[in-house]
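The values are calculated or read from the model by the stated rules, or taken from the named source; none is laboratory data. Note that the structure is predicted; figures quoted are calculated from it, not measured. Cβ sites come from the backbone with ideal geometry, for glycine too, and all protein chains shown count toward neighbours. Accessible surface areas use protein heavy atoms only, side chains included; no ligands, DNA or RNA. Shrake-Rupley method; radii C 1.70, N 1.55, O 1.52, S 1.80 Å.
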Amino acid sequence: MMNRRSRRRSMRKNMSRLFTGFILALVLCMSFGAFFVYAREQSAGDKAVYTYYKSIEICSGDTLWDIAEETMTDRYDSVAEYVQVIKDMNGLDSDEIHSGQDLIIAYQDTDLH
């Protein structure tokens, strides 16, 4: 009977250690992962290119395609692709936009250092 209790205690200690080790490893992985996130892209000139987001107000006569053509960066292969990105960012189901509406758009800027 004593042998059975000591085996249970030993098994509980081992499980506790295993669980604690797993949690510690998980926390360490998440912590180190946060330090290694790199939030910039390299352009052809080896300058850092950062992506920013801003809100613009739609004026009368604006179309989603016109806005995409004016604000599209080299990151996108076509205006159609960027229009879809704008629609996704703003939760739009169609290309229809209205005067006074605000849209979030992405733009890029280089590192000035």
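Filter the range 63-84 for residues that are of a type in the set (A, V, I, L, M, F, W, C) and open to solvent by less than 60 Å² (accessible area, probe 1.4 Å) and give the result. Talk me through it step by step, then tell me what you get.
Start the filter on the range 63-84 by keeping residues that are of a type in the set (A, V, I, L, M, F, W, C), which leaves 64-65, 67-68, 72, 79-80, 83.
Once the filter is applied, which keeps residues that are of a type in the set (A, V, I, L, M, F, W, C) and open to solvent by less than 60 Å² (accessible area, probe 1.4 Å), the range 63-84 yields Leu64, Ile67, Ala68, Val79, Ala80, Val83.
This table checks each residue for (1) modelled with pLDDT of 80 or more; (2) exposed (fewer than 10 other Cβ atoms within 10 Å of the Cβ).
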{"residue": "Phe22", "(1), (2)": "yes, no"}
{"residue": "Val27", "(1), (2)": "yes, no"}
{"residue": "Arg40", "(1), (2)": "no, no"}
{"residue": "Ile58", "(1), (2)": "yes, no"}
{"residue": "Gly61", "(1), (2)": "yes, yes"}
{"residue": "Ile86", "(1), (2)": "yes, no"}
{"residue": "Asn90", "(1), (2)": "yes, no"}
{"residue": "Ile104", "(1), (2)": "yes, no"}
{"residue": "His113", "(1), (2)": "no, yes"}
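Among the residues of the range 46-81 satisfying the criterion of being touching a helix residue (DSSP H, G or I) at 6+ places or on another chain (Cβ under 9 Å) and among the aromatic types (Phe, Trp, Tyr), which is nearest to Ser94 (Cα to Cα)?
Per the criteria, the residue is Trp65.
Cβ contacts < 6 Å: first residue within 10 Å of His98 (Cα to Cα) and in contact (Cβ under 8 Å) with a residue 24 or more places away in the chain, restricted to the range 57-77; second residue open to solvent by less than 60 Å² (accessible area, probe 1.4 Å) and polar (S, T, N, Q), any location; separation 6+ or different chain. Result?
Matching pairs, first to second residue: Ile58/Gln101.
Give just the number: which of (1) at pLDDT 80 or above; (2) part of a loop (DSSP other than H, G, I, E, B) does Ala80 not satisfy?
Evaluating Ala80 over (1) at pLDDT 80 or above; (2) part of a loop (DSSP other than H, G, I, E, B) leaves (2) as the failure.
Which pairs have Cβ atoms under 8 Å, sit 6 or more apart or on different chains, and link a residue in the range 93-104 that is more than 16 Å from Ser60 (Cβ to Cβ) to one that is at pLDDT 90 or above and in a loop (DSSP other than H, G, I, E, B)?
Asp95/Thr63
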